[in-house]
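Here the structure is laid out as structure tokens; the discussion comes afterwards.
The values are calculated or read from the model by the stated rules, or taken from the named source; none is laboratory data. Treat the numbers as computed from the prediction; the structure is a model and nothing was measured. Here the Cβ is made from the backbone with ideal geometry for all residues, glycine too, and neighbour counts use every protein chain on show.
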Ligand SMILES: Cc1cc2nc3c(=O)[nH]c(=O)nc-3n(C[C@H](O)[C@H](O)[C@H](O)COP(=O)(O)O)c2cc1C
């Protein structure tokens with residue numbers, strides 16, 4: 001499969017970057033064609049401007065400022081997110097990717113007032129997330145990122161397809177062992193993706 005991997009960690013030496021590199025390596029070893037999209041490294045501009053908002057519904061003109069990202073999304077047969085959780089959401093650069101690239105005509109269309117997916121070409125979805133919070137604190141906060149992955153993105157792509165959700169919680173108290181264990185879990189999941 002052609003797998004689009006979206007990544008949003010600004011630090012090269014971080015554990016988040018190690019998870020990203022492991023994801024790419026394991027997917028490639030499994031024989032997938034990987035499109036590695038490191039949003040910070042690519043200097044992706046996440047701000048949806050006044051111009052973008054005014055043109056938001058005008059497909060295909062709305063795709064002009066992010067044409068290459070739209071093409072990459074259209075080529076994807078699977079999608080993997082590798083990101084830390086900030087303020088119980090995605091880092092702004094990844095949130096902005098969805099705002100600016102998942103446009104009307106690209107990810108969905110309004111047909112007689114109803115949303116129809118245009119992402120049925122994506123057959124699999126996975127997320128590799130790290131949280132500072134414990135599972136309980138994340139649960140108590142409603143765990144918005146988990147809902148975004150398992151409900152929102154899944155519904156937008158195809159509600160009938162399974163989702164692989166992998167999370168290392170409690171990064172504030174992580175150990176070399178817990179990090180190694182999670183890296184191994186990601187390796188196995190991506191090799192079997
Ligand atoms: C700006 C910022 C906001 C954060 N907000 C949250 C949060 O709301 N919930 C949470 O569980 N962790 C939060 N964290 C902790 C990160 O999720 C954690 O540092 C990260 O997953 C660890 O990975 P890293 O060391 O590779 O950055 C936040 C961290 C930063 C830098």
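Do the conditions hold for residue 183, that is, is it within 16 Å of residue 3 (Cβ to Cβ), surrounded by 14 or more Cβ atoms within 10 Å (Cβ to Cβ) and within 16 Å of the ligand (Cβ to nearest atom)?
Working: within 16 Å of residue 3 (Cβ to Cβ): no; surrounded by 14 or more Cβ atoms within 10 Å (Cβ to Cβ): yes; within 16 Å of the ligand (Cβ to nearest atom): yes.
It is false that residue 183 is within 16 Å of residue 3 (Cβ to Cβ), surrounded by 14 or more Cβ atoms within 10 Å (Cβ to Cβ) and within 16 Å of the ligand (Cβ to nearest atom).
Mind checking whether some residue in region 109-132 is within 14 Å of the ligand (Cβ to nearest atom), at pLDDT 95 or above, within 18 Å of the chain's Cα centre (by Cα) and surrounded by fewer than 18 Cβ atoms within 10 Å (Cβ to Cβ)? Give the derivation first.
Step one: of region 109-132, the residues within 14 Å of the ligand (Cβ to nearest atom) are 127-132.
In the following step, the residues that additionally are at pLDDT 95 or above were identified as 127-132.
Next, only the ones that are within 18 Å of the chain's Cα centre (by Cα) stay: 127-131.
Applying the additional criterion that residues be surrounded by fewer than 18 Cβ atoms within 10 Å (Cβ to Cβ) yields none.
No, every residue in region 109-132 fails to be within 14 Å of the ligand (Cβ to nearest atom), at pLDDT 95 or above, within 18 Å of the chain's Cα centre (by Cα) and surrounded by fewer than 18 Cβ atoms within 10 Å (Cβ to Cβ).
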Out of (1) buried (at least 18 other Cβ atoms within 10 Å of the Cβ); (2) touching a strand residue (DSSP E or B) at 6+ places or on another chain (Cβ under 8 Å); (3) in a helix (DSSP H, G or I), the one residue 26 does not meet is (2)
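The rows are residues; the columns are (1) within 14 Å of the ligand (Cβ to nearest atom); (2) touching a strand residue (DSSP E or B) at 6+ places or on another chain (Cβ under 9 Å); (3) free of Cβ contacts under 8 Å to residues at least 12 places away in the same chain.
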residue	(1), (2), (3)
9	yes, yes, no
40	yes, yes, no
50	no, no, yes
62	no, yes, no
